[in-house]
Each structure stands twice: as C-alpha cells, then as structure tokens.
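Report on one structure; see the data block that follows.
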Amino acid sequence: MDDNDQLEAGGHASAAREHVYGFNRATMWEQDQIPAETSAQLAEFAEIAAALPQASSQLSSTLEQALAHQVLSMDAMTDESDPAMAIGVARLHLEEARGLAVDLHKHLNAARNATAHVISQGADDGQESMP
C-alpha cells in the first residue's frame, strides 16, 4: 500500500493541486526540453483531464446526497439563505465543468498527438552550416 492509499478525497485533491503547481514551477524557465518530453507531459495532463468529468459528477452526487440526508443551513458570510439553492447552483456549475473537462481532454490529447512525432536534432546554435 502506498501513501496515496491513505489519503482521503480532500487529500488527493490537495496533492493534485500541489503536483500541478510543482510542474508549473519546474517548467517555468525550461528552454531545452525536447518536443517528445512535452508530448509525454501532455499525455499525462490529458489523462488527468480525462478523469475530471467523473470527479465533477461524483462531487455533484456528494452534494445531492448531503442535501437529501443532512440538516443544512447557510453561514452568515453569504446573502444566500437556502442551502438547496446553493447546492443547486453548485451542481449546475459542476455539470458545466464536466463538459469543459471533456473539451480540455480533447485539446490536450490533440496537442499531444500533434507533437508526438516531432524529432529534435538538438539546440540550434545560430550558426549556418557549411555546404
């Protein structure tokens, strides 16, 4: 059993966020990465995006279950007074996010496919080759 098996749902969401932030920091100044490496990274992100529609649906179901089986109220930090209305709005946004995640997967996968067969011959040193 690895550490991921010990995480609750919130822990997985936090870990995913931290990994994406880490990726962003690691690639911020990357100049020498070859297209094949980028393609492999795009494939990983496409896989993440492919899982997001299910995550959105499951979060929506979790809210629906909370509404059906829990006594809910709203805190004082919002003008909304009806938890059912707030959950309904959240579920609409999650359904929209689900569709956008499907589109994101398609675009990331298309970018991966476009770069999958690009071969790097190394860095261009700016000098013309001799005939």
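Here are a few things to note about the model shown:
- Scope segment 25-75; condition out of contact with any Ser or Thr (no Cβ under 7 Å at 6 or more places or on another chain), among the polar types (S, T, N, Q), modelled with pLDDT of 95 or more and outside any loop (DSSP other than H, G, I, E, B); matching residues: Q41, Q54, S56, S57, Q58, S60, S61, T62, Q65
- Applying a threshold of 8 Å to beta carbon distances and a minimum spacing of six or more residues, or different chains, the list of pairs starting in segment 68-79 at a residue that is within 15 Å of A90 (Cβ to Cβ) and ending at one that is small (G, A, S) reads L72/A66; L72/A84; M74/S81; M74/A86; T78/A86.
- All conditions but one from (1) surrounded by fewer than 16 Cβ atoms within 10 Å (Cβ to Cβ); (2) in contact with an Asp or Glu (Cβ under 8 Å, 6 or more places away or on another chain); (3) not in a loop (DSSP other than H, G, I, E, B) apply to H107; the one that does not is (2).
- Residues (of a type in the set (S, T, Y) and more than 30 Å from A111 (Cβ to Cβ)) located in segment 40-92: S61, T62, S73, T78, S81
- Selection within segment 41-72 - buried (at least 16 other Cβ atoms within 10 Å of the Cβ) and either among the aromatic types (F, W, Y) or over 23 Å from the mean Cα position of the chain (by Cα) (or both): F45
The values are calculated or read from the model by the stated rules, or taken from the named source; none is laboratory data. Predicted, not measured: the structure shown is a model, and the values here were computed from it. Cβ: placed from backbone, ideal geometry, glycine included. Neighbour counts: every protein chain shown.
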